[in-house]
């Protein structure tokens, strides 16, 4: 049967070939002095002869002549001097190399730790950035720097190597060249002084360079190289569907606990997974019954999980009632074939009390293999020992002692009436109170103190610890045991309650954030919701960065906080690389801000920055998970708000375009119409051969004249409208007489009035009003025009003026059909015309021009319908 | 009084307007000369010595106000300026510089002819008429008597002065500032006073103060006392053909 090529493998191959990522070649050796740097430089020279553009990023020659000679002819990039605590340390200048863009860069000492203040804490991260930019890299590495081998190396050589490189970097390397040297020759070179030894580590190095060690290390490195070849061969075979000894698809699972052994377990699992070519998971089970862990332990779990991820495993945190239940359930559901656990470290009796996880796993595992790994715990690296440490404030212990004293006093006072055995209840009560209100520690203290006090004060003989009646021993034991149990249980209930409250608070916070974000429709509301909620939950100051082109700019931040230039640079890095950056991450960890890219299905929406109010606090792993949830919500909300804003802009644009089209249509029509009559009349008169009589000629001429007037008015209206729109309306205010204004207006429209009656009603003694005479006359002319247009020719027009407080009110009323009530405000809009039968001419600009002019004077114009039919326009103008 | 037709110089850079003016005014018996810009106009006044100048304000080289000023330095020739709407400031400037009247484009021929007549009449009379009559209004300057439809009207001294100045400018426009200076003296700029007095005057003299027939407002510019009556000076020689 033919095997089809594995599509996943094919895809991986294609991706690795297609990517513009640079290629990494590692020159690997098993100890210092085997000649890795030398080999790298030789290879570089070979490439140089082939014409490849090479730059030396960082090469450590240790002042060895032969190595330094090899540097000649190569372009050495000067090192960047990083200042740290008064000392300047030379580091690789990543930016210079990125700017130069050589085809190949040489970077020595892959596992080196950069000085604080550098962009990345480790050199392999710098190399990763170079590779991402498409630059090939040659680098050197010793086998003991591999993360997964770290504990094995420690075991073999007794030396703990602190600078490690995660295995994924090695896995992704395109080529590994093993630089081998027989240990005897290496030792010879050491004697000849050809191997670099930093002075401080002299003694450790001597211990390191023992033949047994070297041989073991050599074997490790050779074996690792062989495994890699094996992998490559397998990959090759898979793409070509060559039948081979495919191992069954294995899946490994390792349980992580706060136990210091956990890291070793993770590394072992990784090695096992390598050998079996299996996927592996690292799981931490959070017990429902004991959710609250000490901070140090939580941090250790977080670090272990992170290590597992770096080593290539998938991590998960589960919640469950018991460890073995949760683990087995997950294992069965996900086809795990082997589970790795650590040998129990606790003494037998403890296990007998609370059960051994390993035993339970073994019994219930069914067909899953259990690997039990042993090992001594790592040498302590500043970790808090598992020993008990008081964590309640000291004053609570005093209070519990005081309560015991209180109970004793009470007991003494009723001693005569009651048997001592009954007085035990008082102490029980004290223990319960202490457990509920004061905490586990103080309640334990109350237990012990209670028993002692009981013995001392209340059991005959008083004031001694001796007991006359040995039955009281049982009472003591009983009191002690019951108190202990009660205090433990109560304290646990209390802790659970606190944890529940904490969890509920977080869930509520997330719910509240979601709810607020759903309600927020514009960017500012979204930003404010984010600040309020996220800032409160994480106790941090928040900044939101939104994209502007290829970079991000600060959009908003918590009140009182403005991101600095450096912080903006961190945000930009996070945006460009779509990875978290800043405090608590791999990149720019010295920054004060932690930046999280906000991403939705459509892409990057922006960057969220968090800055702790007190420097030094990092987010716990749980908080980081919670932050992811919050960040995702925020990203969605920001995206929505941005889209809403874009939609609104599009709408506005559309409306503006519509208006413009209407304007052009209207003007085009209204400009041409009068010309029809004018041109028509003139041409008729021109071509008249005498057949037109005097009257006809007169009519033509009068009609043409009236139309010319109309055209003139229209042009004037358009000009006024343009001026108002452009804000170029300049008011020349002077004291004006209202009747003067109206008189001028009436004079202008006299021709159109055609004998219509105009009733004028002014209140006497109207003051002079500060107005622009010409413009207000224009307003009145427009209003009169409207009145004439919209009412029958035999109906009068009323003009009124009166004083109202510090305003003068002018009204123009017609007896036409009036204005529909719903349009009373819209009549003042541009191009508005009341729909009515019959041909009403005009562009509909008149009233809006009036409005513009009146409002420029600081006045008001509005319309109402006259009782009995007709429309009334009122203009209020301030006197001053 | 003159036997020859009055000579008018038309100054406008628009050929269409010049054509219209030439055609219409020639038909009315005037002799027409044309100039296309400011410099041209100044030359033409010197060479042709017209009786009246119709001057557009918007000339390409010198603006109408400058031409007016230059001319007024040596001649009292009547000047009627043509301007577009909403350039009140320019109109006022030209009138204050010495122009006699103005017309807003587009204008009708009747208006133009009326203004030309008034401007020429001012030139023609050497002695001022003692009694001004227009419709029902009669102002006897020598006796300081004002009657409307035969009824005597009592005016305050200021109101009478106002009316008197208007009468001397009868038919022509007078700007606010010219009015203020002539009635109240140099340095008076109080529009308030002017408006109030005009209002009072109208109430006393006009049959319908809200629709004045005599004292006419020129919006933004000033006032004009209408002189509708055609006197002996308006007849005759102008009706050619």
Taking residue A:755 as the residue in question, decide whether it is under 29 Å from residue A:715 (Cα atoms), surrounded by fewer than 18 Cβ atoms within 10 Å (Cβ to Cβ), modelled with pLDDT of 90 or more and within 14 Å of chain B (Cβ to nearest Cβ).
no
Residues that are in a helix (DSSP H, G or I), within 14 Å of the chain's Cα centre (by Cα) and either in contact (Cβ under 8 Å) with a residue 60 or more places away in the chain or surrounded by fewer than 19 Cβ atoms within 10 Å (Cβ to Cβ) (or both): does the stretch A:602-615 have at least one?
no
Tell me, which residue of the stretch B:161-170 that is touching a helix residue (DSSP H, G or I) at 6+ places or on another chain (Cβ under 9 Å) and assigned to a helix (DSSP H, G or I) is modelled with the lowest pLDDT?
B:168
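Please go through the stretch B:203-216 and give me each residue that is facing chain A (nearest Cβ under 8 Å), in contact with a strand residue (DSSP E or B) (Cβ under 6 Å, 6 or more places away or on another chain) and buried (at least 18 other Cβ atoms within 10 Å of the Cβ), ordered by number.
Here is the first cut: in the stretch B:203-216, the residues facing chain A (nearest Cβ under 8 Å) are B:209-212, B:216.
So of that shortlist, the ones also in contact with a strand residue (DSSP E or B) (Cβ under 6 Å, 6 or more places away or on another chain) come out as B:210, B:216.
Residue satisfying the conditions is B:210 alone.
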Pick out the one residue from B:35, B:93 that is farther than 26 Å from residue B:225 by Cα and either in contact (Cβ under 8 Å) with a residue 12 or more places away in the chain or buried (at least 17 other Cβ atoms within 10 Å of the Cβ) (or both).
B:35
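One line per residue, one yes/no per condition, for (1) within 20 Å of residue A:801 (Cα to Cα); (2) touching a strand residue (DSSP E or B) at 6+ places or on another chain (Cβ under 9 Å); (3) away from chain A (no Cβ under 14 Å); (4) surrounded by fewer than 20 Cβ atoms within 10 Å (Cβ to Cβ):
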site	(1), (2), (3), (4)
B:151	no, no, yes, yes
B:161	no, no, yes, yes
B:189	no, no, no, yes
B:199	yes, no, no, yes
Would you check which residues across the stretch A:730-744 are more than 9 Å from chain B (Cβ to nearest Cβ) and crowded, with 17+ Cβ neighbours inside 10 Å and list them?
A:738
Which of the residues belonging to the stretch A:702-720 are more than 9 Å from chain B (Cβ to nearest Cβ), within 60 Å of the chain's Cα centre (by Cα) and surrounded by fewer than 19 Cβ atoms within 10 Å (Cβ to Cβ)?
A:715, A:718
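Look at residue A:544 and say whether it is in a helix (DSSP H, G or I), touching a helix residue (DSSP H, G or I) at 6+ places or on another chain (Cβ under 9 Å) and in contact (Cβ under 8 Å) with a residue 12 or more places away in the chain.
Working: in a helix (DSSP H, G or I): no; touching a helix residue (DSSP H, G or I) at 6+ places or on another chain (Cβ under 9 Å): yes; in contact (Cβ under 8 Å) with a residue 12 or more places away in the chain: yes.
Taking the combined requirement at face value, the residue does not satisfy it.
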Matching residues, the stretch B:171-184, being touching a residue at least 40 places away in the same chain (Cβ under 8 Å) and either out of contact with any helix residue (DSSP H, G or I) (no Cβ under 8 Å at 6 or more places or on another chain) or assigned to a helix (DSSP H, G or I) (or both):
B:176, B:177, B:178, B:179
Selected residue [more than 10 Å from every other protein chain (Cβ to nearest Cβ) and either in contact with a strand residue (DSSP E or B) (Cβ under 6 Å, 6 or more places away or on another chain) or more than 29 Å from residue B:86 (Cβ to Cβ) (or both)] from A:799, A:808
A:808
Which of the residues that make up the stretch A:693-715 are over 19 Å from residue A:789 (Cα atoms) and touching a helix residue (DSSP H, G or I) at 6+ places or on another chain (Cβ under 7 Å)?
A:697, A:700, A:701
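Do we have residue A:552 as assigned to a helix (DSSP H, G or I) and crowded, with 18+ Cβ neighbours inside 10 Å here? Lay out the reasoning, then the answer.
Working: assigned to a helix (DSSP H, G or I): no; crowded, with 18+ Cβ neighbours inside 10 Å: yes.
The answer is no for residue A:552.
Looking at A:677, A:681, A:650 in this structure, which one is farther than 24 Å from residue A:718 by Cα and touching a helix residue (DSSP H, G or I) at 6+ places or on another chain (Cβ under 8 Å)? Walk me through it before giving the result.
Working: A:677 fails: farther than 24 Å from residue A:718 by Cα; A:650 fails: touching a helix residue (DSSP H, G or I) at 6+ places or on another chain (Cβ under 8 Å).
Result: A:681 is the single residue among A:677, A:681, A:650 that is farther than 24 Å from residue A:718 by Cα and touching a helix residue (DSSP H, G or I) at 6+ places or on another chain (Cβ under 8 Å).
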Among (1) surrounded by fewer than 20 Cβ atoms within 10 Å (Cβ to Cβ); (2) more than 8 Å from chain B (Cβ to nearest Cβ); (3) under 14 Å from residue A:799 (Cβ atoms); (4) touching a strand residue (DSSP E or B) at 6+ places or on another chain (Cβ under 6 Å), residue A:760 falls short only on (2)
Could you tell me whether any residue of the stretch A:626-634 is crowded, with 19+ Cβ neighbours inside 10 Å, without any contact (Cβ under 8 Å) to a residue 40 or more places away in the chain and closer than 30 Å to residue A:529 by Cβ?
yes
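The values are calculated or read from the model by the stated rules, or taken from the named source; none is laboratory data. Keep in mind it's a predicted model, so treat the numbers as computed, not measured. Reconstructed Cβ throughout: ideal geometry from the backbone, glycine too, with neighbour counts over all protein chains shown.
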